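Student: This is the structure, below, for whatever I ask next.
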Amino acid sequence: MTSIDVHELTKDYGPTRAVDHLTFSVRPGLVTGFLGPNGAGKSTTMRLVLGLDRATGGSATIGGKPYASLGNPLRCVGALLDAHAAHGSRTARNHLLALATSNAISKSRVEEVLVAAGLGPVAERRIKTFSLGMRQRLGIAAALLGDPEVVMLDEPSNGLDPEGIVWVRELVRRLADEGRAVLVSSHLMNETSSFADHLIVLGKGRLLVDMPMQEFLASRSRPGVRFRTTEPARLHDALTRRGLEPAQDDYGRWTVVGATAEEIGVLAASEGVPLLELIDEQATLEEAYFDLTTTEAEFAATTTPADGKEI
């Protein structure tokens, strides 16, 4: 199986260091979410992996080889970096045929990916007439053209409608389940949390996180429980006797920080208190991400409250 391996990768643009000694791997069989604020170095890193920029230092390989040394690169790695890269005067079919011809890929494969991307009915339309979502689908079709073992997608859901977003989610999961290494850069936290197994997070060109999704979420939040009961007073007393501090919200639900659903369930059972709802709570990916990257964003908006004073 093929992986992406980055070692001490560094890229300077004049006095600006865009990528700062990055080391990580994207493993087969996993969807790796690639996150970071604008300007964190994600797109630059992907371009370095694909040989579109020359590294100042370090290395980036696919299956142990630099991209430039791959014989038929589309058969090894498929990538979507810019949905507007395709020539607008070509039809969707001709765009993919040109890519297929240059990489010794059959014409039948072109038809397969057109259908898979939902572009069969518009295959003879010129790309300049396509919406952003249609261009995204075409870019993904091009990435899949060589049936590659490595897939890299930069903001693949950008411009897609809800059906398209679900399609991308199911696609990347299927690709990983087939044993491919899948790297997906995205700013959509909820969407990333629905498909990513592993996370790589950058900040100002540096590696901040390289760990499984669930491990990252657990590392950025304390255990907590939400519950509902028909006898809140009795359970409240039982919890406070054990040093816990339950709090009620406006909808009649209770939360307890520093406990697990198992602990609350056992306690409620011992007290004979019925539970209508009992859920372990954990920080969302969005909450955990912002908690991590608050000081790492190159560009950040200020908040202006009602009194008009910046904070």
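Student: Which of the residues spanning segment 254-295 are among the small types (Gly, Ala, Ser), on the phi < 0 side of the Ramachandran plot and not in a helix (DSSP H, G or I)?
Tutor: Within segment 254-295, the subset among the small types (Gly, Ala, Ser) is 258-259, 261, 265, 268-270, 272, 283, 288.
Still in the list and also on the phi < 0 side of the Ramachandran plot: 259, 261, 265, 268-270, 283, 288.
Of everything in segment 254-295, those that are among the small types (Gly, Ala, Ser), on the phi < 0 side of the Ramachandran plot and not in a helix (DSSP H, G or I) turn out to be Ala259, Ala283.
Student: Only one of these is more than 23 Å from Arg173 (Cα to Cα) and hydrophobic (A, V, I, L, M, F, W, C): Leu50, Leu30, Leu22. Name it.
Tutor: Among Leu50, Leu30, Leu22, only Leu22 is more than 23 Å from Arg173 (Cα to Cα) and hydrophobic (A, V, I, L, M, F, W, C).
Student: State which residue pairs qualify: first residue within 18 Å of Gly63 (Cα to Cα) and inside segment 172-184, second residue surrounded by fewer than 16 Cβ atoms within 10 Å (Cβ to Cβ) in any location, beta carbons under 7 Å apart, and separation of 6 or more residues or different chains.
Tutor: Ala176/Gly29; Gly179/Met1; Gly179/Gly29
Student: Moving on. Leu208 - would you say it is in contact (Cβ under 8 Å) with a residue 60 or more places away in the chain, of a type outside the set (Val, Ile, Thr) and assigned to a strand (DSSP E or B)?
Tutor: Yes, satisfied.
Student: Working only within segment 22-42, note down all residues that are within 13 Å of the chain's Cα centre (by Cα) and not β-branched (Val, Ile, Thr).
Tutor: If the condition is that a residue be within 13 Å of the chain's Cα centre (by Cα) and not β-branched (Val, Ile, Thr), then Leu30, Gly33, Phe34, Leu35, Gly36, Pro37, Lys42 are the ones that fit.
Student: Assess whether Leu188 counts as being modelled with pLDDT of 95 or more and either surrounded by fewer than 17 Cβ atoms within 10 Å (Cβ to Cβ) or not aromatic (Phe, Trp, Tyr) (or both).
Tutor: Details: modelled with pLDDT of 95 or more: no; either surrounded by fewer than 17 Cβ atoms within 10 Å (Cβ to Cβ) or not aromatic (Phe, Trp, Tyr) (or both): yes.
The answer is no for Leu188.
Student: Read through the list (1) assigned to a helix (DSSP H, G or I); (2) under 20 Å from Leu132 (Cα atoms); (3) in contact with a strand residue (DSSP E or B) (Cβ under 7 Å, 6 or more places away or on another chain), then give the number of the only condition that Leu175 fails.
Tutor: (2)
Student: Would you call Gly159 under 21 Å from Gly29 (Cα atoms) and part of a loop (DSSP other than H, G, I, E, B)? Spell out how you get there, then give the answer.
Tutor: Working: under 21 Å from Gly29 (Cα atoms): no; part of a loop (DSSP other than H, G, I, E, B): yes.
No, not satisfied.
The values are calculated or read from the model by the stated rules, or taken from the named source; none is laboratory data. If you're wondering where the values come from, they're calculated on a predicted model, not measured in any experiment. Backbone-built Cβ (ideal geometry, glycine too); neighbour counts: all protein chains shown.
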